[in-house]
Structure formats: structure tokens, C-alpha cells
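See structure below.
The values are calculated or read from the model by the stated rules, or taken from the named source; none is laboratory data. The structure displayed is predicted, hence computed values, not measured ones. For neighbour counting, all protein chains shown are included, and Cβ atoms are generated from backbone atoms with ideal geometry for every residue, glycine included.
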Amino acid sequence: MRLGVNIDHVATLRNARGGIHPDPIKAAIISEEAGADLIVAHLREDRRHINEDDISNIIRNINIPLQLEVAPTNFMFNFAIKNNIKKVCIVPEKRKELTTEGGLDIKYNFNFLKENLPNLYRNNIEVSLFLDTDMENVNLCLELGVNAIEFHTGEIANTYGEDEKVLIRRLEKVIKYAMSQGISSRAGHGLNFDKAKKILNIKYLEELNIGHFIIGESIFCGLSEVVKKMKKIIG
Ligand code: PXP
């Protein structure tokens with residue numbers, strides 16, 4: 001199981017004072033040294049955390065892949081191509097949301113994706129879509145020729161007891177179906193040590209992308225320790 005560390009919230013803290021500290025590049029370097037398999041960053045339309053300079057500096061300073069999360073827009077796709085990004089995860093984006101609140105509405109974006117994904121593929125960019133756990137979403141990915149999905153785990157993160165078990169079983173079933181169709185599966189959103197433990201045994205789940213908890217917990221324990229512990233749990 002790969003661990004992607006999302007460093008957006010280091011930039012959120014930096015931007016709160018408008019200065020240069022804490023530096024998300026340093027967070028990326030420490031995460032890599034502590035065993036992260038990839039660094040994840042979301043370039044938002046309102047640039048509330050990561051900005052363009054951060055992206056090029058991260059790429060220059062790490063030896064593991066950067067996964068760039070972007071909204072489905074021409075600007076963001078062109079940015080990924082121009083900056084030689086290798087991995088792109090396409091996410092929904094609303095200006096007023098506090099965080100990415102759900103998966104991409106793939107039906108609504110179908111025509112844009114059909115027309116513009118080939119441009120990413122031509123530039124050797126590995127593409128995944130951030131989606132809700134739904135068989136229909138897997139079928140739509142097949143129609144689009146998308147071969148990687150990151151499933152949004154926000155609902156699992158906020159649910160406990162029997163309902164949580166039901167959601168995890170549904171995720172398991174959809175991932176199994178995706179695998180049978182040649183689509184690889186990742187997961188992320190709202191995960192912490194406990195939630196990661198609960199989903200790590202799902203067969204064919206290849207990667208967890210975690211941001212808010214890792215950065216928040218590192219205030220108490222240090223980023224390196226938290227990444228190492230998460231890596232040990234899921235590894
Ligand atoms: N994966 C994707 C595609 C995301 O957009 C995010 C952030 O919303 C995450 C993972 C990480 O979520 P969190 O910060 O809640 O761990």
C-alpha cells in the first residue's frame with residue numbers, strides 16, 4: 001500500500017501570515033525521508049494554500065512523484081502539461097467549500113473529460129479521478145478510458161459502528177469490480193490512523209492519500225514521526 005502525503009495544510013498555515021513559514025517544500029522533503037511514496041498537492045483556483053511556485057519547487061526538491069490535484073479546467077490541464085507533472089488526480093472544486101466535499105460529478109463533466117483527457121495521456125500523465133463509491137462511476141471511467149480511481153472516503157471518515165462497516169463493504173465491492181475491469185483503486189479524505197487501519201485490508205486498494213490528519217497530528221508528534229507511523233500501519 002502506497003502512502004501519499006498531502007501537504008496543502010502546511011501552505012494554509014504559511015498563508016495565514018502571508019510569509020514563508022512553515023514551508024511546504026520542507027514538509028515534502030521530510031515526508032519523503034520518513035517513507036512517503038508520493039507527495040500530493042491541490043492547486044486550487046483561489047490559491048488558498050499551494051501556489052504555482054510551490055509546485056515547481058516541490059518537483060525540484062523531491063525524488064518521489066508529485067500527484068497534482070486539479071479541477072477539470074483547461075487552465076489546470078495546461079498547467080500540468082507545461083510543468084511536466086507525471087500524476088494528476090482530477091477533483092471537483094467549489095470556491096466556498098472548506099475542503100473537497102465529495103467526488104467529481106463525472107456525468108456532468110463527461111464531455112469535457114472525453115475531449116481533454118487524451119491531451120493529458122498524450123503528455124504521458126497518469127490520470128486518476130476522485131470519485132464517490134459507486135459502480136456507475138466505474139462504468140463511466142471505462143467509457144472515458146480512465147484506469148485509476150481515488151475513492152472519496154469522507155463518508156467512512158465520519159461514520160461509526162454498523163453503518164461504517166456497511167460503507168467499507170460497499171467500497172470493497174466497488175474496488176473489486178473496478179479491478180475486474182482493469183481499473184486500479186486508491187482512497188483518501190478524512191483518514192486518520194484508526195480509519196486507515198479499517199480500510200487497509202481491502203483487497204486491490206493500492207494507495208491512501210492523507211493530508212489534514214497527518215499535518216494536524218504533526219503539531220503534537222512531528223511530521224516525520226507521524227508519516228513513519230502511518231507508513232508502518234498501512235505498509
Ligand atoms: N485525496 C484527494 C483527492 C483530496 O482532494 C484530498 C483533500 O481533500 C485528500 C485525498 C486528503 O484529504 P484529507 O486532507 O482529509 O486527508
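Numbers for the structure displayed
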item	result
Candidates S218, S185, filtered to the one that is buried (at least 19 other Cβ atoms within 10 Å of the Cβ), within 16 Å of the ligand (Cβ to nearest atom) and within 22 Å of S128 (Cα to Cα)	S185
Index of the failed condition, D105 passing every other in (1) closer than 26 Å to I199 by Cβ; (2) assigned to a helix (DSSP H, G or I); (3) free of Cβ contacts under 8 Å to residues at least 24 places away in the same chain	(2)
Residue that is farthest from the ligand (Cβ to nearest atom), among those in the stretch 1-19 that are of a type in the set (A, V, I, L, M) and touching a helix residue (DSSP H, G or I) at 6+ places or on another chain (Cβ under 7 Å)	M1
Counted residues, the stretch 188-215 - those being in contact with a strand residue (DSSP E or B) (Cβ under 6 Å, 6 or more places away or on another chain), among the hydrophobic types (A, V, I, L, M, F, W, C) and away from the ligand (no atom under 11 Å from the Cβ)	1
Residues satisfying the stated conditions in the stretch 83-101, i.e. over 23 Å from D37 (Cα atoms) and aliphatic (A, V, I, L, M)	L98
Out of I214, I202, I168, I175, sole residue that is in contact with a Lys or Arg (Cβ under 7 Å, 6 or more places away or on another chain), touching a residue at least 12 places away in the same chain (Cβ under 8 Å) and either assigned to a loop (DSSP other than H, G, I, E, B) or hydrophobic (A, V, I, L, M, F, W, C) (or both)	I168
Hits in the stretch 102-118 (condition: under 24 Å from I39 (Cβ atoms) and more than 13 Å from the chain's Cα centre (by Cα))	L117
Condition met for L38 (in contact with a Gly (Cβ under 6 Å, 6 or more places away or on another chain), modelled with pLDDT of 95 or more and within 16 Å of the ligand (Cβ to nearest atom))	yes
R44, sole failed condition from (1) modelled with pLDDT of 95 or more; (2) within 13 Å of the ligand (Cβ to nearest atom)	(1)
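For (1) assigned to a loop (DSSP other than H, G, I, E, B); (2) modelled with pLDDT under 95; (3) more than 16 Å from the ligand (Cβ to nearest atom); (4) in contact with a strand residue (DSSP E or B) (Cβ under 8 Å, 6 or more places away or on another chain), each residue gets a yes or a no:
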residue	(1), (2), (3), (4)
I85	yes, no, no, yes
R95	yes, yes, no, no
V127	no, no, no, yes
N137	no, no, no, yes
D163	no, no, yes, no
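Residue-by-condition table, conditions (1) over 22 Å from A148 (Cβ atoms); (2) without any contact (Cβ under 8 Å) to a residue 12 or more places away in the chain; (3) among the acidic types (D, E):
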{"residue": "R2", "(1), (2), (3)": "no, no, no"}
{"residue": "G19", "(1), (2), (3)": "yes, yes, no"}
{"residue": "E32", "(1), (2), (3)": "no, no, yes"}
{"residue": "A36", "(1), (2), (3)": "no, no, no"}
{"residue": "E45", "(1), (2), (3)": "yes, no, yes"}
{"residue": "D53", "(1), (2), (3)": "yes, yes, yes"}
